[in-house]
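Chemist: So that we are looking at the same thing, I have put the structure below in structure tokens.
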Amino acid sequence: MQKFIDRWCSRGSALVRNWRRMLPVLVLAGVASVGVQAQDEVLRYGSEKEIEPLTVVTDTTISADLVENIAGSFVEVEAVLERGESPIGHELDEADRESIAGADLVVYQGLGLMPAFIEAAEARDETDRVVLSAGIPDFRLIREDGTVNPHTYHSPSLVQFAVDHLTVNLKKKLEPVAGEIEGNRLRINIELQSLMRETEGLMEELPRNERILVTDNDVFAYFAKDYHFQLLDVTREEDADEAIELIEQNETANVFRVDGAGDGAIEEWLEAHRGEDVPGSVELAPALTGLWLGDANRPTGTYIGMFRQNVNDIMLGLRPLPAAGEGEIE
């Protein structure tokens, strides 16, 4: 009998010990369950609310894409520039000014891009406009001769600052659905971070000495800075001379034009030098897109899709695939 009691007590002690070991796990599981439930509630918050969509006017399609991504169906967005229209040197018409004046919210890039739009937007109250670049730390901006490069903002690492800044302002305007907007902010920033890691991985395939962007503008200066490229603008004499030297030295296959920028200067430069001080094999790569989004039904219809396409075109431009029959069979 005593042995039975001793065994029972021993088992009881083991059960107590096991229970104590399991207790933190059960507590954590409960906390995790509550956390997931709370997160789901945040993401669902406002999804059943019926609110009047906010009318938003933006400068470019890139800005419009950002607003729609964060606020979804709670906004009606109109971009002053249509797809395929360059913001460089664009002037507003009366209809544009009326749209800016009548919108619930005006969203624009800033940094001197589209001065006429900025002037019209700044006539609005501060609570009714958002400058996307306002959240970017000053030391992260690209400057030359004291002037900020207006395309600096298009770096994925800096777009995250714009996402956060825009989210704060949209939540104020759309308070009943603030939770859903916050959920979208988290998703977008995760996508941007993934895009950055993906691009960095691809760039490991391209040696530093081959990272040369010969072009006729500074639209992709942000890309050169982020991924250690040398950007050479042939409209500058010193850059043009260095481009000739590096193309020969690295057997660079292509130079690059950017849709909506440069006014054809790179084509003229290549025509004047190819076959003489530039090898006759050098060609123009497919045009890069950095000033507007592509067709809404194509991958380039979003900022992330546009960025991926540019990375692909740059990589293939510098390291073209061999033509059929040219590759060696091992």
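Chemist: Subtract the Cα-Cα distance of E78 and Q230 from 0.36 nm times their separation in residues, and report this length gain in nm to one decimal.
Modeler: 51.1 nm
Chemist: Using θ = phi - 60° and the Karplus curve 6.51 cos²θ - 1.76 cosθ + 1.60, what whole-Hz ³J(HN,Hα) does each residue of the stretch 188-194 get, with Gly and Pro shown as x?
Modeler: Karplus-based 3J(HN,Hα) across the stretch 188-194 equals 5, 5, 5, 5, 5, 5, 5 Hz.
Chemist: Put a dot 7 Å past each Cα toward the Cβ at E237 and R319; how far apart are the dots in nm?
Modeler: 3.7 nm
Chemist: Going by the alpha-carbon gyration tensor, a ≥ b ≥ c the square roots of its eigenvalues, is the stretch 54-201 rounded (a/c under 1.5) or, if a/c is not under 1.5, prolate (a/b greater than b/c) versus oblate?
Modeler: Cα axes put the stretch 54-201 in the oblate bin.
Chemist: Can you list residues whose amide H is under 5 Å from E76's amide H, if they're 5+ apart or on another chain and H is modeled 1.01 Å from N?
Modeler: Answer set, sorted by chain and number: L54, T55, V56.
Chemist: What whole number of Å gives the distance from the Cα centroid of the stretch 247-302 to the Cα centroid of the stretch 152-167?
Modeler: So the separation of the two Cα centres works out to 27 Å.
Chemist: If I stretch the segment between L186 and N312 completely, what's the gain in nm (0.36 nm per residue apart, minus their alpha carbon distance), one decimal?
Modeler: 42.7 nm
Chemist: Using only the alpha-carbon atoms of the stretch 274-325 as identical scatterers, what base-10 log of I(q)/I(0) does the Debye formula give at q = 0.14, 0.24 Å⁻¹?
Modeler: Taken in order of the listed q values, log10 I(q)/I(0) reads -0.49, -0.90.
Chemist: Please label the shape of the stretch 115-220 as rounded, prolate or oblate, based on the square roots a ≥ b ≥ c of the eigenvalues of the alpha-carbon gyration tensor (a/c under 1.5 means rounded; beyond that, a/b larger than b/c means prolate, else oblate). Please report the intermediate quantities before stating the final value.
Modeler: On the way: a/c = 3.29, a/b = 1.37, b/c = 2.40.
Since a/c reaches 1.5 but b/c is at least a/b, the shape of the stretch 115-220 is classed as oblate.
Chemist: Put a dot 7 Å past each Cα toward the Cβ at A95 and N209; how far apart are the dots in nm?
Modeler: Simple spin-label model gives 5.5 nm for this pair.
Chemist: Near the amide H of L232, under 5 Å away, which other amide H atoms are found, from residues 5 or more places off or on another chain, if H is placed in the peptide plane?
Modeler: Result for L232 returns L213, V214, T215.
Chemist: Using only the Cα atoms of the stretch 129-171, build the gyration tensor, take square roots of its eigenvalues as a ≥ b ≥ c, and label the shape rounded, prolate or oblate: rounded if a/c is under 1.5, else prolate if a/b is larger than b/c, else oblate. Write out the running numbers ahead of the final one.
Modeler: Numbers: a/c = 2.74, a/b = 2.06, b/c = 1.33.
Judged from the Cα gyration tensor, the stretch 129-171 comes out prolate (a/c at least 1.5, a/b above b/c).
Chemist: Please give the charge dipole size of the stretch 207-318, origin at the Cα centre, charges +1 on K and R Cβ atoms and -1 on D and E Cβ atoms. Round to the nearest 20 debye.
Modeler: Result for the stretch 207-318 is approximately 800 debye, rounded to the nearest 20.
Chemist: May I pose another question? Mind sorting H273, H151 by how few other Cβ atoms lie within 10 Å of their own Cβ, fewest first?
Modeler: Ascending Cβ contact count within 10 Å gives the list H273, H151.
Chemist: Same structure again: Fully extended, how many nm does the chain gain between S86 and D104 (0.36 nm per residue separation, minus their Cα-Cα distance)?
Modeler: Extra length from S86 to D104 when fully extended: 4.0 nm.
Chemist: Distances over 20 Å make up what percent of all Cα-Cα pairs in the stretch 150-295?
Modeler: Roughly 57 percent, once rounded to a whole number.
Chemist: On to the next question. When DSSP beta bridges are limited to those with both residues in the stretch 54-201, what percentage is antiparallel, rounded to the nearest 5?
Modeler: Around 15 percent antiparallel, to the nearest 5.
Here, each number is a calculation from the coordinates, and none is a lab measurement. Values in this document were obtained by computation on a predicted structure and should not be read as measured data. So basically every Cβ, Gly included, is an ideal-geometry build from the backbone, and we count neighbours across all protein chains shown.
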